[in-house]
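Engineer: I have a structure here, written as structure tokens, and I will follow up with some questions on it.
The values are calculated or read from the model by the stated rules, or taken from the named source; none is laboratory data. Source: prediction; values computed, not measured. Every residue, glycine among them, receives a Cβ derived from its backbone with ideal geometry; neighbour counts consider all protein chains shown.
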Protein chains: 6
Amino acid sequence: MLHILFLVALLFFPSFEAADFCVAKLKGAGSPSGYACRSPANVTVDDFVFTGLGIAGNTTNIISAAVTPAFVQQFPGVNGLGLSSARLDLAPGGVVPMHTHPAASEILFVASGKITAGFISSSANTAYVKTLNKGDVMIFPQGLLHFQINAGGTPALAIVSFNSPEPGLQILDFALFGNNLPSQLVEKTTFLDDAQVKKLKGVLGGTG
Amino acid sequence: MLHILFLVALLFFPSFEAADFCVAKLKGAGSPSGYACRSPANVTVDDFVFTGLGIAGNTTNIISAAVTPAFVQQFPGVNGLGLSSARLDLAPGGVVPMHTHPAASEILFVASGKITAGFISSSANTAYVKTLNKGDVMIFPQGLLHFQINAGGTPALAIVSFNSPEPGLQILDFALFGNNLPSQLVEKTTFLDDAQVKKLKGVLGGTG
Amino acid sequence: MLHILFLVALLFFPSFEAADFCVAKLKGAGSPSGYACRSPANVTVDDFVFTGLGIAGNTTNIISAAVTPAFVQQFPGVNGLGLSSARLDLAPGGVVPMHTHPAASEILFVASGKITAGFISSSANTAYVKTLNKGDVMIFPQGLLHFQINAGGTPALAIVSFNSPEPGLQILDFALFGNNLPSQLVEKTTFLDDAQVKKLKGVLGGTG
Amino acid sequence: MLHILFLVALLFFPSFEAADFCVAKLKGAGSPSGYACRSPANVTVDDFVFTGLGIAGNTTNIISAAVTPAFVQQFPGVNGLGLSSARLDLAPGGVVPMHTHPAASEILFVASGKITAGFISSSANTAYVKTLNKGDVMIFPQGLLHFQINAGGTPALAIVSFNSPEPGLQILDFALFGNNLPSQLVEKTTFLDDAQVKKLKGVLGGTG
Amino acid sequence: MLHILFLVALLFFPSFEAADFCVAKLKGAGSPSGYACRSPANVTVDDFVFTGLGIAGNTTNIISAAVTPAFVQQFPGVNGLGLSSARLDLAPGGVVPMHTHPAASEILFVASGKITAGFISSSANTAYVKTLNKGDVMIFPQGLLHFQINAGGTPALAIVSFNSPEPGLQILDFALFGNNLPSQLVEKTTFLDDAQVKKLKGVLGGTG
Amino acid sequence: MLHILFLVALLFFPSFEAADFCVAKLKGAGSPSGYACRSPANVTVDDFVFTGLGIAGNTTNIISAAVTPAFVQQFPGVNGLGLSSARLDLAPGGVVPMHTHPAASEILFVASGKITAGFISSSANTAYVKTLNKGDVMIFPQGLLHFQINAGGTPALAIVSFNSPEPGLQILDFALFGNNLPSQLVEKTTFLDDAQVKKLKGVLGGTG
């Protein structure tokens, strides 16, 4: 009977690999749907596991916060699967500044501490802000400005997930002040004062 | 033969309406895919035509510019069809301030005048800026901060299209300064000075 | 200037609500894209926050485990946004039995404890199994059989996210033994022995 | 133990219905994603089965052919599931005239007889034509003009499937000659002669 | 006039190929959206036709059944077009065992014979089972466990189509018993008895 | 502080490029989702700008019209971004003949002149026709036959946009008469007379 059932196997499984997954070949060129797939023969369970989120980010910086991504570039197993994650470490007083993810919505879980989080709707400009406790989840719709702030006296940790392996991360201050976009253009398009723009360009390494 | 061919018609066209289009019932509740469809029996060609983009926007305002949308709320025929448009009027000195469309990429055509336009990439923060002449088109990837400025001494007109009937429009200054998001939160998440935030909140009608 | 800028606001924001979000009206009929949207006028930040994942599930049961979902039915704010979450509580010896999510991939974060998790590829039937430590994340491709087991002597907690507000949950044993599918059909389609099928049907409340 | 496992069931299955399927309420308004869902409580297996394709279409007409659809309007169980089917009956000499499906690709299986089928690519205008035997399958890319002709002396039967519950069906001759589109416009946009247009308008019931 | 119209052709058809189709280069690496496209210059109508479904599968095996796929690996013309097919041969007493397609819904047409088919919903665990006659079609929602059994005394043939070129095929018994997943893990996650697991592992070639 | 903030930058921007855009490598093989991406290091703003639509098409031809595309093959920056554009020049009497775009809906803006445009619905065969003035926009649903005609005594210009970088363009006359599809097949599938077919094949360079 063993022999016969192996025949079954052959009949049911012609010579092909299903498209269950597509672990990224990060070295090659991407495509609009993501990276090329590594051969399943070279894939192991370790490609589907990422250990980097177990390590606290270094929050000894000006924002007292750190973001550690598990996007496709760090975690090639998520390629083509429509998901990725990151950890947010917020020391007391820490803040993840105003930012957007152009390509994904975000769901945030507070693993420890207290976090004040919010997003602003488009067109109506409504601010949705709430202080979250350990265990709470909050959803941030795709592409909207949002932020997270430590709302307690102890370190806070959040785990966030995105419905894209490459959600993107556009931090407002870096976008405005951390490049060579001329101050004059920044001022004209944001109504910020020249002194304000130049101060932040100075701090964030921007030129122009 | 006429009789026979009408029989053909009956055989080929059983009693159903195809889903070629889904003109929006704007009064009812929407769904994640858009508005409910009006009955095809009540649809005419006028539902697929929008005349509002033929009228210049009023640019006698502080930004010397105007945006006239033909999104699904103004133009119900685009519901479910993955497209919408808008016109941008830019008087000399006019500017469409820094903004994003959370739900769509944008393609801009310069119908008249000269426009300096740009967008900023996420993560790498690169500013892509160019002065466009009449007839040029520029593409703005979904969700990224971008702007348009009149770059000449005469009025400029651009027609923009989006790959969504509801692209959304989040203008940075209105999002930061035009609502009740407390100044303290704005400052903490943007590194802007208190005086700057309060000045713009005052101007844009924000509170807190 | 205030007056003029409010004019700007009117020009930029014609009378429409953008489709940033679509908080579910759970009482009404759904559609293939999800539930109808509640009016934004009735939406508050609490619609985007779910506190139920902060409460440990009751693991005093035969599997020493509990799954607490934050799918659209529990958390209407995720409707249309392509994400949902759940918490898994695994007491020592606990197991989340073999199951699939027909409509989503899953990313799992180990918040505490040690978990052995695995999935089986289709066609090639390869088992990808790994013992995960606190802080590890693992990705489970859409629709594949997978499981989680407490691999330590202490309670384990995992937070999982899905790229759908309604990922579905098909637990193998409930699908085979918890309904009125006749034993004869179960046996013929699974090769399980009659005694085995009847035993599990008895335990899980199945008939036939 | 029974008691305890039922507790498991309650823990695993909170009070919600998964979105496995969405059987169409055909009476109500559709949406861009399809029809509203009937309550699962009112759904039976008969909603997922359609018997109408078992009945040969009446081919005693001018084209000696018949198309019997199992689209969402006839088969509400396919709503939201991305598939539909139809049967093509071709008497000797029968033809399914040049047509497109605006919203789906098509895969055709020859159940009996011989069929010459073809499609024309866009831009390059290449005609891909082949005579198919019983058991052959052919794929027709979305939106391209294609046709099927009985290529033998016996009746032919094909079963076709589409990757949409509402593929649409635009038959070239009905589109050009079966409505009130003025002859002058037809002629100007197709280069067909006036006599030809009027002849076919006469036959197909067109006016103008 | 010929000369002039060829000029038209040049004006209308600048030097590009449209993306009507993308016949798979099976040798190269895939991507999340499928295989790379062969050059249209090397594509012929034979790439869009597959003759393998015309040949009855060999049912002289333990399940008295055979599945013959026309997925992208066998039929490269379906790459990127969102469809594929397969034939099911069921000798008297034959069965296609309990399985899922992780990446597609399925529509089944009974070409000859009688087939009892069913699927089980997720969450609610309802079994939808029906005996189908020649000509009936049945829809199986994506990712749900389902099966087909010959319900008559004569051979049965079904043609199935999927809304993906790579639907995947996860046969429950092969997933559980046909690999090196340790018996202890299988038992713990399925509640099956050790003897049952070992018996089926023995038969299906599993180890551990 | 500068030093510290640069540390922030490093923490926030680990070594990866976001998938904001994917400028096409046109030389390589495409995939179902589009062309492979050029390295962002080699991308400049000029990749996001196309100047070819600023040049009037040559309308000294039989249709007194010209179509100038800005599809991905001409404008590689639109790859993966779901949009493209084209310009239509219509001299007095000019016509864009009956055609479809198999892969996209179209939105048309009248930049100058008067244009009569229309499309025909599938199944119901309704013709939706309207004469458009400067500034009007009209939407054409995906895959449906449509046309544009100069409706005034002066040149007309339209800018059209599509929700795909590769919308495709199937012009009815070229599809029917501009290739080697045998006249007999054309006649049998369109009901056109032999003389009509041969006349147009002669004019458009078709054979067979």
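Engineer: Give the residue that is nearest to the other protein chains (Cβ to nearest Cβ), with candidates limited to residues of the stretch D:184-202 that are touching a helix residue (DSSP H, G or I) at 6+ places or on another chain (Cβ under 7 Å) and surrounded by fewer than 19 Cβ atoms within 10 Å (Cβ to Cβ).
Structural biologist: To start, the set of residues in the stretch D:184-202 that are touching a helix residue (DSSP H, G or I) at 6+ places or on another chain (Cβ under 7 Å) comprises D:186-187, D:190-194, D:196-198, D:200-201.
This time we only want the ones that are surrounded by fewer than 19 Cβ atoms within 10 Å (Cβ to Cβ), so: D:187, D:193-194, D:198.
Details: D:Glu187: 10, D:Asp193: 6, D:Asp194: 11, D:Lys198: 12 Å.
Out of the qualifying residues, it is D:Asp193.
Here is a yes/no grid of residues against (1) touching a Cys at 6+ places or on another chain (Cβ under 9 Å); (2) surrounded by 24 or more Cβ atoms within 10 Å (Cβ to Cβ):
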{"position": "D:Leu81", "(1), (2)": "yes, yes"}
{"position": "D:Gln148", "(1), (2)": "no, yes"}
{"position": "D:Gly153", "(1), (2)": "no, no"}
{"position": "D:Pro167", "(1), (2)": "no, yes"}
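Engineer: Could you say which residue among E:Pro102, E:Pro92 is assigned to a loop (DSSP other than H, G, I, E, B), touching a residue at least 24 places away in the same chain (Cβ under 8 Å), out of contact with any His (no Cβ under 7 Å at 6 or more places or on another chain) and surrounded by fewer than 23 Cβ atoms within 10 Å (Cβ to Cβ)?
Structural biologist: Numbers: E:Pro102 fails: surrounded by fewer than 23 Cβ atoms within 10 Å (Cβ to Cβ).
Of the residues listed, the single one that is assigned to a loop (DSSP other than H, G, I, E, B), touching a residue at least 24 places away in the same chain (Cβ under 8 Å), out of contact with any His (no Cβ under 7 Å at 6 or more places or on another chain) and surrounded by fewer than 23 Cβ atoms within 10 Å (Cβ to Cβ) is E:Pro92.
Engineer: Which members of the stretch A:53-68 meet the condition of being touching a strand residue (DSSP E or B) at 6+ places or on another chain (Cβ under 6 Å) and not in a strand (DSSP E or B)?
Structural biologist: Result: A:Leu53, A:Ala56, A:Gly57, A:Asn58, A:Thr59, A:Ile63.
Engineer: Further question on the same structure: Picking from C:Ala103, C:Ala117, C:Ala111, which residue would you name as being more than 8 Å from every other protein chain (Cβ to nearest Cβ) and either at pLDDT 95 or above or over 30 Å from A:Pro69 (Cα atoms) (or both)?
Structural biologist: On the way: C:Ala103 fails: more than 8 Å from every other protein chain (Cβ to nearest Cβ); C:Ala111 fails: more than 8 Å from every other protein chain (Cβ to nearest Cβ).
On inspection, the qualifying residue turns out to be C:Ala117.
Engineer: If you don't mind, another one. Of the conditions (1) of a type outside the set (A, V, I, L, M, F, W, C); (2) touching a strand residue (DSSP E or B) at 6+ places or on another chain (Cβ under 8 Å); (3) within 14 Å of chain C (Cβ to nearest Cβ), A:Asn163 fails just one. Which one is it?
Structural biologist: With (1) of a type outside the set (A, V, I, L, M, F, W, C); (2) touching a strand residue (DSSP E or B) at 6+ places or on another chain (Cβ under 8 Å); (3) within 14 Å of chain C (Cβ to nearest Cβ) applied to A:Asn163, the lone miss is (2).
Engineer: Limited to the stretch E:71-85, what total is found for residues that are farther than 10 Å from D:Ile107 by Cα and among the polar types (S, T, N, Q)?
Structural biologist: 3
Engineer: Still on this structure, I have one more. Does C:Gly77 satisfy the condition of being facing chain A (nearest Cβ under 7 Å), in a helix (DSSP H, G or I) and over 20 Å from C:Pro155 (Cβ atoms)? Write out each step before concluding.
Structural biologist: On the way: facing chain A (nearest Cβ under 7 Å): yes; in a helix (DSSP H, G or I): yes; over 20 Å from C:Pro155 (Cβ atoms): yes.
Taking the combined requirement at face value, the residue satisfies it.
Engineer: Hey, does the stretch E:2-16 have a residue that's at pLDDT 50 or above and in a loop (DSSP other than H, G, I, E, B)?
Structural biologist: Yes: the stretch E:2-16 contains one or more residues that are at pLDDT 50 or above and in a loop (DSSP other than H, G, I, E, B).
Engineer: Yes or no: the stretch F:86-99 includes at least one residue that is within 18 Å of D:Leu181 (Cβ to Cβ) and more than 7 Å from every other protein chain (Cβ to nearest Cβ). Can you show your working first?
Structural biologist: First pass over the stretch F:86-99, keeping only residues within 18 Å of D:Leu181 (Cβ to Cβ): F:95-99.
Next, only the ones that are more than 7 Å from every other protein chain (Cβ to nearest Cβ) stay: F:96, F:99.
Checked against the condition, which is being within 18 Å of D:Leu181 (Cβ to Cβ) and more than 7 Å from every other protein chain (Cβ to nearest Cβ), the stretch F:86-99 yields at least one hit.
Engineer: Could I ask something else about it? Residue by residue through the stretch E:182-208, note down the ones that are of a type in the set (A, V, I, L, M, F, W, C) and within 18 Å of C:Gly93 (Cβ to Cβ). Step through it out loud before you land on a result.
Structural biologist: Narrowing the stretch E:182-208 to residues of a type in the set (A, V, I, L, M, F, W, C): E:185-186, E:191-192, E:195, E:197, E:200, E:203-204.
Correct list: E:Leu185, E:Val186, E:Phe191, E:Leu192.
Engineer: Can you tell me which residues in the stretch B:50-65 are surrounded by fewer than 23 Cβ atoms within 10 Å (Cβ to Cβ), free of Cβ contacts under 8 Å to residues at least 60 places away in the same chain and within 25 Å of B:Ala151 (Cβ to Cβ)?
Structural biologist: The answer is B:Gly54, B:Ile55, B:Gly57, B:Asn58, B:Thr60, B:Asn61, B:Ile62.
Engineer: Take the stretch C:107-155 and flag every residue that is hydroxyl-bearing (Ser, Thr, Tyr) and in contact (Cβ under 8 Å) with a residue 24 or more places away in the chain. Lay out the reasoning, then the answer.
Structural biologist: Kept after step one, since they are hydroxyl-bearing (Ser, Thr, Tyr), are these residues of the stretch C:107-155: C:112, C:116, C:121-123, C:126, C:128, C:131, C:154.
C:Ser112, C:Thr116, C:Thr154 - these are the residues of the stretch C:107-155 that are hydroxyl-bearing (Ser, Thr, Tyr) and in contact (Cβ under 8 Å) with a residue 24 or more places away in the chain.
Engineer: In the stretch C:126-146, what residues are more than 25 Å from A:Pro69 (Cβ to Cβ) and either surrounded by fewer than 24 Cβ atoms within 10 Å (Cβ to Cβ) or among the hydroxyl-bearing types (Ser, Thr, Tyr) (or both)?
Structural biologist: Correct list: C:Thr126, C:Ala127, C:Val129.
Engineer: Quick test of your reading of the structure: D:Gly206 fulfils all but one of (1) surrounded by 21 or more Cβ atoms within 10 Å (Cβ to Cβ); (2) modelled with pLDDT of 95 or more; (3) within 14 Å of chain E (Cβ to nearest Cβ); (4) farther than 24 Å from D:Thr68 by Cβ. Name the failing condition by number.
Structural biologist: D:Gly206 satisfies all of (1) surrounded by 21 or more Cβ atoms within 10 Å (Cβ to Cβ); (2) modelled with pLDDT of 95 or more; (3) within 14 Å of chain E (Cβ to nearest Cβ); (4) farther than 24 Å from D:Thr68 by Cβ except (3).
Engineer: Restricting to the stretch D:109-126, count the residues that are farther than 17 Å from E:Phe109 by Cβ and out of contact with any Phe, Trp or Tyr (no Cβ under 8 Å at 6 or more places or on another chain).
Structural biologist: 4
Engineer: Only one of B:Gly153, B:Gly143 is in the same structural domain as B:His101 (by the TED database) and on the phi > 0 side of the Ramachandran plot; which? Lay out the reasoning, then the answer.
Structural biologist: Details: B:Gly153 fails: on the phi > 0 side of the Ramachandran plot.
So the residue among B:Gly153, B:Gly143 that is in the same structural domain as B:His101 (by the TED database) and on the phi > 0 side of the Ramachandran plot is B:Gly143.
Engineer: Can I ask one more? Among the candidates E:Ser183, E:Ser123, single out the residue that is among the hydroxyl-bearing types (Ser, Thr, Tyr) and at pLDDT below 95. Steps first, please.
Structural biologist: Numbers: E:Ser183 fails: at pLDDT below 95.
None of the others qualify; the one that does is E:Ser123.
Engineer: If you take the residues of the stretch A:174-183 that are within 7 Å of chain B (Cβ to nearest Cβ) and surrounded by 23 or more Cβ atoms within 10 Å (Cβ to Cβ), which of them is farthest from A:Met138 (Cα to Cα)?
Structural biologist: So the first thing to find is which residues in the stretch A:174-183 are within 7 Å of chain B (Cβ to nearest Cβ), and the list is A:174-175, A:178-181.
If we keep only those that are surrounded by 23 or more Cβ atoms within 10 Å (Cβ to Cβ) as well, we get A:174-175, A:178, A:181.
Working: A:Phe174: 25, A:Ala175: 25, A:Gly178: 29, A:Leu181: 34 Å.
Among those that are within 7 Å of chain B (Cβ to nearest Cβ) and surrounded by 23 or more Cβ atoms within 10 Å (Cβ to Cβ), it is A:Leu181.
Engineer: Which residues, taken from the stretch A:105-128, are touching a Pro at 6+ places or on another chain (Cβ under 8 Å) and of a type in the set (A, V, I, L, M, F, W, C)?
Structural biologist: A:Phe119, A:Ala124
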